[in-house]
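Can you read through this structure? Questions will come right after.
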Amino acid sequence: MGPPDPRMRFEEIYTANYADLLGYVRRRTESADDAADALAETFTTAWRRLDDVPEGERARLWLYGVARRVLANQRRGASRRTALASRLREELSAWEEDAPHQDTGAIRAAFQRLSPDDRELLSLVSWEGLDSAQIASVLGCSRGAVRIRLHRARKRLAAELEAAELDLTRYGPRAAALVKGQP
Amino acid sequence: MRTADIDRLVASLAPGTGPGLTPGARELLDEIVATSQVPVRPRPALTARLARLAPLVRHRLLAPLTVAVVLLTWTLPGGLGPGLGPRPTEALEINRSGVYFSVVVKDVYADKRSYRRELAAHGVPLSMVVVPGRPGSVGQVVVVTGGPLGFTRSGKVWWTVPDRRDIAPLPVAAYCDTAEHCPIGMLVRAGYQNRGTVWVARRALPGENYVFPTRVTVQPS
């Protein structure tokens with residue numbers, strides 16, 4: 001049996017991971033255009049470096065790592081609008097208009113006061129559902145380093161929440177008790 | 001506050017994940033495969049290469065003869081007839097001019113053993129690797145004397161900028177951050193020996209980690 005057809009392999013990777021990657025970039029971009037560009041660049045990189053994309057579950061982590069750097073480039077203003085994904089851009093814009101707007105409450109404000117690194121760590125856990133080993137793979141560091149940094153990030157968010165004296169009733173009595181330090 | 005509770009609060013902030021695999025997403029897949037080929041490294045036009053080499057003549061550390069040989073072998077590889085042109089190599093183009101060897105990297109993705117073998121074949125006992133660097137570092141050269149190669153992000157690496165009388169980046173490296181196609185390589189003093197590994201910075205691919213050390217800046221001549 002010969003090597004798999006590149007197009008076929010890329011298509012498998014793309015369809016298996018597209019929704020997760022869209023979620024990843026959409027949650028970290030301000031606009032549908034930025035999300036579409038980041039997606040296009042991430043998957044273009046995967047196509048060009050297809051031999052480097054690991055098999056199975058690790059492909060998703062590899063793609064997260066690429067998307068993370070693509071987004072960092074976007075924030076540094078180094079990216080330019082790609083000619084790709086024009087239809088996708090329209091679809092994402094339409095979806096955004098129909099989606100219910102998020103509450104920008106005090107918890108979100110406390111979260112935003114964290115450093116970008118802390119936010120990324122906590123997001124990878126709570127939004128992407130990754131464990132320490134998977135996060136280590138995305139960030140290119142050791143599991144131990146991830147665990148330590150996660151612990152510190154959680155502590156910093158807890159401190160921010162306490163300092164904000166939030167009305168957490170909308171998140172349930174448990175959340176309010178937690179922020180007040182009650183078991 | 002417990003870890004799980006913090007994580008639950010953060011999860012409550014998660015924005016929507018988007019509409020999923022839409023027809024536009026399928027279209028993007030087709031666009032990428034149709035229009036984005038595996039990158040090739042096109043040979044720049046002769047006039048462009050000559051124009052970029054002009055700063056060489058102002059470089060105070062280089063003998064004019066070295067400049068001439070680099071220019072000649074770079075623009076006319078293999079075109080000088082038997083015995084005169086560069087030897088056919090896969091990864092490097094190596095020529096001697098006086099007390100210097102000019103080493104131009106032809107294949108920036110070749111492995112370390114290929115570079116070493118070709119250098120040794122010319123009597124240059126050096127170990128070298130080509131690693132991705134920031135745009136401002138492309139073409140620059142350092143000597144790494146310890147630590148795990150290729151892991152500047154996670155491990156301590158001891159590196160030094162070599163004395164330019166021993167090893168110097170190609171003078172055109174000063175313009176690599178703006179030039180679209182930029183030759184990288186170095187000039188090595190004949191007889192130079194070092195136990196370390198020479199790292200040469202290349203342009204990073206999209207999404208690729210920078211490995212070349214920071215704070216190695218280009219000094220235009």
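Testing A:Trp62 on (1) at pLDDT 90 or above; (2) of a type outside the set (S, T, N, Q); (3) within 30 Å of A:Ala164 (Cβ to Cβ), one condition comes back false. Which one is that?
The one condition A:Trp62 does not meet is (3).
Which condition number does B:Pro183 fail, the rest of (1) modelled with pLDDT of 65 or more; (2) assigned to a loop (DSSP other than H, G, I, E, B); (3) out of contact with any Leu (no Cβ under 7 Å at 6 or more places or on another chain); (4) under 14 Å from B:Gln140 (Cα atoms) being met?
Going through (1) modelled with pLDDT of 65 or more; (2) assigned to a loop (DSSP other than H, G, I, E, B); (3) out of contact with any Leu (no Cβ under 7 Å at 6 or more places or on another chain); (4) under 14 Å from B:Gln140 (Cα atoms) one by one, B:Pro183 breaks only (3).
Let me ask something else. Mind listing whichever residues of segment A:5-46 are modelled with pLDDT of 90 or more, at the interface with chain B (Cβ under 7 Å from one of its Cβ atoms) and more than 19 Å from the chain's Cα centre (by Cα)?
A:Phe10, A:Glu11
Is it the case that some residue within segment A:156-165 is buried (at least 18 other Cβ atoms within 10 Å of the Cβ), at pLDDT 80 or above, out of contact with any Phe, Trp or Tyr (no Cβ under 9 Å at 6 or more places or on another chain) and under 30 Å from A:Ala19 (Cα atoms)?
no
Related question: Which residue is surrounded by the most Cβ atoms within 10 Å (Cβ to Cβ), if the candidates are limited to segment A:85-110 and must be modelled with pLDDT of 65 or more and part of a loop (DSSP other than H, G, I, E, B)?
A:Ala85
Right, next: Looking at segment B:162-174 only, could you name the residues that are buried (at least 17 other Cβ atoms within 10 Å of the Cβ) and either at pLDDT 70 or above or hydroxyl-bearing (Ser, Thr, Tyr) (or both)?
Across segment B:162-174, the qualifying residues are B:Pro162, B:Ile167, B:Ala168, B:Pro169, B:Leu170, B:Pro171.
Of the residues B:Glu27, B:Glu93, which is part of a helix (DSSP H, G or I) and at pLDDT 75 or above?
Answer to the check: B:Glu27.
Another question about this same structure. Checking A:Ser126 against (1) modelled with pLDDT of 90 or more; (2) more than 10 Å from chain B (Cβ to nearest Cβ), which single condition isn't satisfied?
Answer for A:Ser126: the failing condition is (2).
The values are calculated or read from the model by the stated rules, or taken from the named source; none is laboratory data. As the structure is a computational prediction, the values presented were derived from the model and not from experiment. Neighbour counts are summed over all protein chains in view; Cβ atoms, including those assigned to glycine, are modelled from backbone coordinates with ideal geometry.
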